[in-house]
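See structure below.
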């Protein structure tokens, strides 16, 4: 509740009638101050006029005035420069450490505001504001989605920068780990990233001339070679991995890390691991290829590959099946371009100061078809449709980081709806 009061104060959403201290002095807020997210008063450098005198200092907010004493502020000199105490319930006077009394005001808000906020955050539906979206100006929605798209892209860029620091500036290592994670397609992301980190590129490069050894290393490290299968291929992988594991002191992952239940054979991790080996075979230079590909089709060609040998006819170890030779379907390549190619171009372009390379990431997302998933479908049903991958990425960001977590106070859509409710009188 205190957080909600801070929000009301920050955005001046209190009732329009004259504000006064509990002892009757008129209060006019010239500047609510800057919200403080660390220790200390809630708002810094506020400017308020109290009884005709202008005060500059800090503002503290509590649900009950007695919380001031309960939190020990009356004994904390860090709160001596508070010029106004804002409360919902006036149940006690407050003082500084010197005993001097601090002006106090009861914050009055339209009852509709609290009711509307509660209806949003307590709703048991996926999109609480769906019925009200049509009432918002279209520009308000499109501007927010544009900001969210960049927010999501920059979050991915930040993660790639962290990997770059971890790998001492080696972008091929970054690309290798990022590729592995992307090939998890939301199901085995964490497991594939763990596999890549556990089997570093420098180790794979020692055997990049042998696809068999690469597959032995990756499948062995994945913990997937202990399955009961007597096929010559599997036996050969086991022998190779046993030799390499002893040579390099390797330890495999637990098989339980992989998710296989209720997923289509195309999404089984086996073919994804085989594809990872394919990209390392002959030397891994995927980052260079992505940066040098200056249009969408060239990027697609990089990932439009066919698996050969054993994995041309298998989805897993065991009986042969009429598996598609194409490692990735068209829709899967779209996802790889969205989650791998675009962020890598953006991150590398920003690092180099290459605006053209950085902008290529946005152009790529704008040109790709929107993703087809339950999140995009939910927003489409509410009247917000995605016309590109850039927009669908924005909708995913909105849903996961605002709607699902009920951060309506920090969402521009939620803010507009709540501001409107705050102006309504009963």
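With Cα Rg over 2.2 N^0.38 Å as the read-out, I listed (i) 1.31; (ii) 2.28; (iii) 1.07; which label goes with the value calculated from this structure?
(i)
In nm, what is the difference between 0.36 nm times the number of residues separating residue 20 and residue 54 and their Cα-Cα distance?
On the way: separation 34, 0.36 × 34 = 12.24 nm, distance 1.41 nm.
Full-extension gain reported as 10.8 nm.
What angle, in degrees between 0 and 90 and rounded to the nearest 10, separates the Cα long axis of helix 171-182 from the longest principal axis of the Cα atoms of the chain?
80 degrees
What whole number of Å gives the distance from the Cα centroid of region 111-132 to the Cα centroid of region 248-274?
Here the two parts' Cα centres lie 41 Å apart.
Considering all projection directions equally, how large on average is the shadow of the alpha-carbon convex hull of region 167-328, in square nanometres? The partial results should precede the final answer.
On the way: hull surface 38.7 nm².
The orientation-averaged projected area of the Cα hull of region 167-328 comes to 9.7 nm².
Would you please classify the overall shape of region 2-109 from the alpha carbon gyration tensor, given that a ≥ b ≥ c denote the square roots of the eigenvalues, rounded means a/c under 1.5, and beyond that prolate means a/b larger than b/c while oblate covers the rest?
Details: a/c = 1.32, a/b = 1.22, b/c = 1.08.
Rounded.
Which percent, to the nearest 5, of DSSP beta bridges fully inside the chain are antiparallel?
Numbers: 17 of 26 bridges.
About 65 percent, rounded to the nearest 5.
Would you mind getting the Kirkwood hydrodynamic radius of region 161-255 from its Cα pairs, rounded to one decimal in Å?
Working: mean 1/r = 0.0717 Å⁻¹.
Over region 161-255, the inverse of the mean reciprocal pair distance is 13.9 Å.
Sequence gap at least 6, Cα distance under 8 Å: using those rules, report the relative contact order of region 2-109 to the nearest whole percent. List each step's numbers first, then the result.
Details: 217 pairs, mean separation 25.9, N = 108.
Worked out over region 2-109, it gives 24 percent.
Can you list the residues of region 229-251 with backbone N under 16 Å from a point 7 Å past the Cα of residue 319, pointing along Cα to Cβ?
It comes to 229-231, nothing else.
Using the alpha-carbon centroid of each, what span in Å lies between region 279-323 and region 44-59?
Cα centroid of region 279-323 versus Cα centroid of region 44-59: 65 Å apart.
Highest mean first, how do 247-259, 407-419 rank when packing is the count of other Cβ atoms within 10 Å averaged over residues?
Working: 247-259: 13.0, 407-419: 18.4.
For the peptides 247-259, 407-419, the packing ranking is 407-419, 247-259.
Quick check on the chain: helices-only [θ] at 222 nm, where DSSP H runs of length 4 and up contribute -39,500 (n - 2.57) each and the sum goes over total residues. Nearest 500, please. Before the final figure, lay out each step's value.
On the way: 18 runs with 195 residues, N = 426.
Value at 222 nm, helices only: -14000 deg cm²/dmol.
What order do you get for 190-196, 298-304 when each peptide is scored by the mean count of other beta carbon atoms within 10 Å, highest first? Don't jump to the answer; show the numbers that get you there.
Values: 190-196: 21.4, 298-304: 16.9.
Going by the mean number of other Cβ atoms within 10 Å, highest first, we get 190-196, 298-304.
Over region 34-161, what relative contact order in percent results from Cα pairs under 8 Å that are six or more residues apart?
Numbers: 145 pairs, mean separation 18.6, N = 128.
Relative contact order of region 34-161: 15 percent.
Taken together, the values in this text are just the output of simple stated rules run on the coordinates, not laboratory data. In this text the structure is predicted, and so the values were computed from the model without any measurement. We place every Cβ from the backbone using ideal geometry, glycine too, and count neighbours over all the protein chains shown.
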